[in-house]
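The values are calculated or read from the model by the stated rules, or taken from the named source; none is laboratory data. Here the structure is a predicted model, which is why all the values come from computation and not from measurement. Backbone-built Cβ (ideal geometry, glycine too); neighbour counts: all protein chains shown. Surface accessibility is based on the protein's heavy atoms, side chains included, excluding ligands, DNA and RNA. Shrake-Rupley method; radii C 1.70, N 1.55, O 1.52, S 1.80 Å.
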Amino acid sequence: MKKDITDRKDIELLVNSFYDKVKADEEIGFIFNDVAKINWEKHLPIMYDFWENVLFFTGTYSGNPMNLHNHLHHIRPLNHKHFEQWNKLFIAIVDEYFKGANAKLIKQRAISISTVMQEKLFQSQKEPHHL
Ligand code: HEM
């Protein structure tokens with residue numbers, strides 16, 4: 001039986017499983033495996049804080065994701081297809097483990113943050129679909 005996302009333990013399961021899926025993904029895995037030199041021990045708790053804050057307004061996250069993704073975009077241009085894949089994997093992982101109001105909410109918030117991120121990243125250029 002699937003349950004709703006109710007605490008940090010659930011967020012940790014979600015984030016860990018999401019990255020397992022992302023790293024194994026044919027379309028965007030390479031960005032996480034090769035392009036960005038990610039220190040996972042540091043990155044994962046940051047992501048727990050981020051999503052906990054998105055869902056429960058815990059105030060635990062105080063970073064600037066926009067700067068980081070802008071930087072990433074300069075190293076290796078991101079495009080709408082990458083984000084569509086990211087969105088797809090995120091929704092799939094939430095649905096795989098959880099069900100309920102918070103599960104619905106975290107998907108909605110993820111997609112809206114993703115949309116704003118793309119608007120900001122791609123505002124001054126044509127869509128680099130060919131990349
Ligand atoms: C194709 C889409 C995306 C790619 C390739 C991507 C990739 C990355 C990478 C490589 C990092 C850096 C990890 C590190 O070195 O510590 C990162 C951090 C992060 N990403 Fe993304 N990301 C994507 C979309 C998103 C979306 C849609 C969200 C939110 C809904 C998001 C939220 C974050 C956050 C919160 C961080 C941590 C920032 C910090 O350190 O404070 N990302 N992402």
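Rounded to the nearest percent, how much of the accessible area of the chain (1.4 Å probe, protein heavy atoms only) is carbon and sulfur? All intermediate terms of the calculation are to be shown ahead of the outcome.
Working: 4370 of 7930 Å².
Summing carbon and sulfur atoms, their accessible area is 55 percent of the total for the chain.
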- Note on the structure: Counting only DSSP loop positions in the range 78-111, the trypsin sites (Lys or Arg not before Pro) whose Cβ has at most 15 other Cβ atoms within 10 Å are K99
- Query: Once you put a point 7 Å from the Cα of F32 and another 7 Å from the Cα of A101, both along the Cβ direction, what distance in nm separates them?
  - Reply: 3.0
- Message: Counting heavy atoms of the protein chains only and a 1.4 Å probe, report the per residue accessible area for the chain as a whole number of Å².
- Response: 61
- What's the angle, to the nearest 10 degrees (0 to 90), between helix 8-23's Cα axis and the longest principal axis of the chain? 30
- Item | the range 8-122, relative contact order in percent, only Cα pairs under 8 angstrom and at least six apart counted | 30
- Query: What are the ³J(HN,Hα) values, in whole Hz, obtained from phi via the Karplus relation 6.51 cos²θ - 1.76 cosθ + 1.60 with θ = phi - 60°, for each residue of the range 89-95 in sequence order, with x given for Gly and Pro?
  - Reply: 5, 5, 4, 4, 6, 4, 5
- Task: Mind jotting down the three principal axis lengths of the range 8-122 based on Cα atoms? Whole angstrom, largest first.
- Result: 36, 29, 29
- So what's the angle, to the nearest 10 degrees on a 0 to 90 scale, between helix 65-75 and the longest Cα principal axis of the chain? 40
- Item | Charge dipole magnitude, Cβ of K and R +1, D and E -1 - the range 59-126, Cα centre, debye nearest 20 | 80
